[in-house]
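Single-structure report; data block below.
The values are calculated or read from the model by the stated rules, or taken from the named source; none is laboratory data. For clarity, every value in this text was computed on a predicted model and none was experimentally measured. Glycine gets a Cβ as well: all are built from the backbone with ideal geometry, and neighbour counts include every protein chain shown.
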C-alpha cells in the first residue's frame, strides 16, 4: 500500500497562462529552483527534470496530456542512488477554472510509504506552488525558490 | 488569508490537521475514530478547513478522502518568516521543544 499527497493552490490567472507557466522552461526556471522540463509533451514521451547545471535530476514518462486541463508523469529521482532505487512515483497536475481563478491540484503518489523521494519533494511542492502563485499574480517569485538548494 | 487564520484559530481543527499530517487520504469515518467530537462537528470543522484550502479532498468511488494541504501555510510562512533568518528561528524552536516537550502550539 502506498501513499499520496495533494497540494492545492488557487491562482488568479487563466488556465492558458498557468499551463504555460507549468510547461515552459523560461517560466519554470523562475519559480522551480532553476529547473526545467526537457520533454516533447505527448503521451509516452520521455520526461526529464533538468537542474540548473543541465544535469538530469528526475526522469520518467508522460502518462497523460490534455492541454490546459491535466497532465501526469511518472517520476523517478536520478541523482541520489537510494532515491533512484525506490523506482517510480507519479505526479499529476490538474487545472480547473474557479470563479476569477484557476484551481491547481498537484497529486504526487508513491507506491511505498516513507520514500526518500517523497521526503525531498514534500518540502519542495508547497514552496514551488506558493512561488508559482506569486509569479503569476504579482510578477515576483519567492526567494527560497530562486536557486537550486545548495545541499542537493 | 483571513480564512486560513480563522480556520487555524480552533484547537479541534488543528487536531484534525495533525491527524491528516500523520496520515493523509482519510475518510470522514476514519477521521472520527477515537475522537470525542460528533460526526456532525467533525464535518463542520472539515468544511471550514476545506474553505480555507487547508484540507484538499479527492473522491474515490463513494468515498471522499481528506488530505492536509500545506500550501496556504507556506504562503503565510513566506510572508512573515522566510524573509528573516530561518535557521535561527529553527534553532529557537528546537530549543523550546527540548525544554518544554511537545506542545499543541
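Which members of region A:115-152 meet the condition of being touching a residue at least 24 places away in the same chain (Cβ under 8 Å) and part of a loop (DSSP other than H, G, I, E, B)? Hits for region A:115-152 are A:115, A:141, A:142, A:146, A:147, A:148, A:149, A:152.
Among the residues of region A:134-147, some residue qualifies, meaning at least one is closer than 27 Å to residue A:42 by Cα and either within 14 Å of another protein chain (Cβ to nearest Cβ) or touching a helix residue (DSSP H, G or I) at 6+ places or on another chain (Cβ under 6 Å) (or both). The set of residues in region B:50-69 that are within 7 Å of chain A (Cβ to nearest Cβ), within 13 Å of residue A:107 (Cα to Cα) and either touching a helix residue (DSSP H, G or I) at 6+ places or on another chain (Cβ under 7 Å) or touching a residue at least 60 places away in the same chain (Cβ under 8 Å) (or both) contains only B:67.
Looking across A:78, A:86, one residue alone is out of contact with any strand residue (DSSP E or B) (no Cβ under 6 Å at 6 or more places or on another chain) and surrounded by 14 or more Cβ atoms within 10 Å (Cβ to Cβ). It is A:86.
Please work out if residue A:5 is modelled with pLDDT under 95, surrounded by 14 or more Cβ atoms within 10 Å (Cβ to Cβ) and either assigned to a strand (DSSP E or B) or within 16 Å of the chain's Cα centre (by Cα) (or both). Yes: the conditions hold for residue A:5. Within region A:61-79, does at least one residue satisfy the condition of being assigned to a loop (DSSP other than H, G, I, E, B) and over 28 Å from residue B:66 (Cα atoms)? Yes, that holds for at least one residue. Evaluation of residue A:109 against the conditions (1) within 13 Å of chain B (Cβ to nearest Cβ); (2) part of a strand (DSSP E or B); (3) closer than 17 Å to residue A:16 by Cα shows that the sole unmet condition is (3). The requirement of being crowded, with 16+ Cβ neighbours inside 10 Å, in a helix (DSSP H, G or I) and out of contact with any strand residue (DSSP E or B) (no Cβ under 9 Å at 6 or more places or on another chain) is fulfilled somewhere in region B:64-73, by at least one residue. Exactly one residue out of B:4, B:55 is at negative phi and in contact with a strand residue (DSSP E or B) (Cβ under 6 Å, 6 or more places away or on another chain): that is B:55. Tally up the residues in region B:20-33 that are more than 14 Å from chain A (Cβ to nearest Cβ), assigned to a helix (DSSP H, G or I) and loosely packed, with under 14 Cβ neighbours inside 10 Å, please. Looking only at that region, the number is 1.
Residues are listed down the side, and each one gets a yes or a no for (1) outside any helix (DSSP H, G or I); (2) within 25 Å of residue A:114 (Cβ to Cβ):
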{"site": "B:4", "(1), (2)": "no, no"}
{"site": "B:13", "(1), (2)": "no, no"}
{"site": "B:18", "(1), (2)": "no, yes"}
{"site": "B:44", "(1), (2)": "no, no"}
{"site": "B:53", "(1), (2)": "yes, no"}
{"site": "B:59", "(1), (2)": "yes, no"}
{"site": "B:90", "(1), (2)": "no, yes"}
{"site": "B:95", "(1), (2)": "no, no"}
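Does any residue of region A:99-115 turn out to be touching a helix residue (DSSP H, G or I) at 6+ places or on another chain (Cβ under 8 Å), exposed (fewer than 13 other Cβ atoms within 10 Å of the Cβ) and more than 18 Å from residue A:4 (Cβ to Cβ)? The answer is no, given that none of the residues of region A:99-115 is touching a helix residue (DSSP H, G or I) at 6+ places or on another chain (Cβ under 8 Å), exposed (fewer than 13 other Cβ atoms within 10 Å of the Cβ) and more than 18 Å from residue A:4 (Cβ to Cβ). Tell me, please, whether a residue that is over 15 Å from the mean Cα position of the chain (by Cα), surrounded by fewer than 13 Cβ atoms within 10 Å (Cβ to Cβ) and at pLDDT 95 or above can be found in region B:39-60. Looking for residues that are over 15 Å from the mean Cα position of the chain (by Cα), surrounded by fewer than 13 Cβ atoms within 10 Å (Cβ to Cβ) and at pLDDT 95 or above, one finds at least one in region B:39-60, hence yes. In the condition set (1) within 11 Å of another protein chain (Cβ to nearest Cβ); (2) surrounded by fewer than 20 Cβ atoms within 10 Å (Cβ to Cβ); (3) farther than 15 Å from residue B:56 by Cα, residue A:130 is compliant with all but (2).
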